[in-house]
Amino acid sequence: MMLFIKGFEQQAIATAILLAVVIALRYLSASLVRRYSAISQVLEFRANLVIKYISIFITVVTGLALFVIWGVDAANIFATVTGIMTLIGVALFAQWSVLSNITSGVILLFSFPFKIGDTIRIHDKDFPIEAEIEDIRAFHTLLRTAEGEMISYPNNLLLQKGVSIVQPTPPAREFTD
């Protein structure tokens, strides 16, 4: 048993260092996203969503790094990753709108073309919509019309259609001399 452990000392040390770096990266990325969201007045829900995406990315990169550290042949890693990506690609091709909405949600999160509370007009030839933004989620944005109707609008369509931010109409005032 002791001989087995001695043969893999370098890998064990590299793994421990990698895990320490990963923990530090997750903590640093989460604190940076939270700080940015506080400055930008982004909802906590949206900040947590970005933290989750970053965490998934870090986990995938960590898994690949562990394969390299423990000496898995690069050709085997490439074949495994290619097979997994092909499987995911086929599954996502069948669900392209899901991937498109997630990507659009991330773009909306970072580009801030409009924010919660804004009244927007979506320029759709067949179904124009004017509504207030209630919430922006990963897949869709919730809109409330002036009549009180709640609309769940896909994020990818918000990026494809023309959208205007409607300035609130100032209240009518009486003119006096």
| Residues of region 35-49 being without any contact (Cβ under 8 Å) to a residue 60 or more places away in the chain and either on the phi > 0 side of the Ramachandran plot or surrounded by 16 or more Cβ atoms within 10 Å (Cβ to Cβ) (or both), which ones? | SER37, ALA47
| query | Which of the residues that make up region 134-150 are among the β-branched types (Val, Ile, Thr) and at pLDDT 90 or above? | reply | THR145
| query | of a type in the set (A, V, I, L, M, F, W, C), in contact with a Pro (Cβ under 9 Å, 6 or more places away or on another chain) and either on the phi > 0 side of the Ramachandran plot or modelled with pLDDT of 85 or more (or both), is that true of ILE122? | reply | yes
| request: Residues being outside any strand (DSSP E or B), more than 16 Å from SER164 (Cβ to Cβ) and open to solvent by less than 70 Å² (accessible area, probe 1.4 Å): count how many of those fall in region 117-151. | output: 2
| task | Go through region 27-46 and give me each residue that's at pLDDT 80 or above and of a type in the set (Gly, Ala, Ser). | result | SER29, ALA30, SER31, SER37, ALA38
| message | Anything in region 98-134 that is farther than 16 Å from LEU159 by Cβ and in contact (Cβ under 8 Å) with a residue 24 or more places away in the chain? List them, or say none. | response | ILE116, THR119, GLU130
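The values are calculated or read from the model by the stated rules, or taken from the named source; none is laboratory data. Computed from a predicted structure; not experimentally measured. Cβ coordinates were reconstructed from backbone atoms using ideal geometry, including for glycine residues, and neighbour counts include every protein chain displayed. In case anyone asks, the SASA skips ligands and DNA or RNA and just uses the protein heavy atoms, side chains included. Shrake-Rupley method; radii C 1.70, N 1.55, O 1.52, S 1.80 Å.
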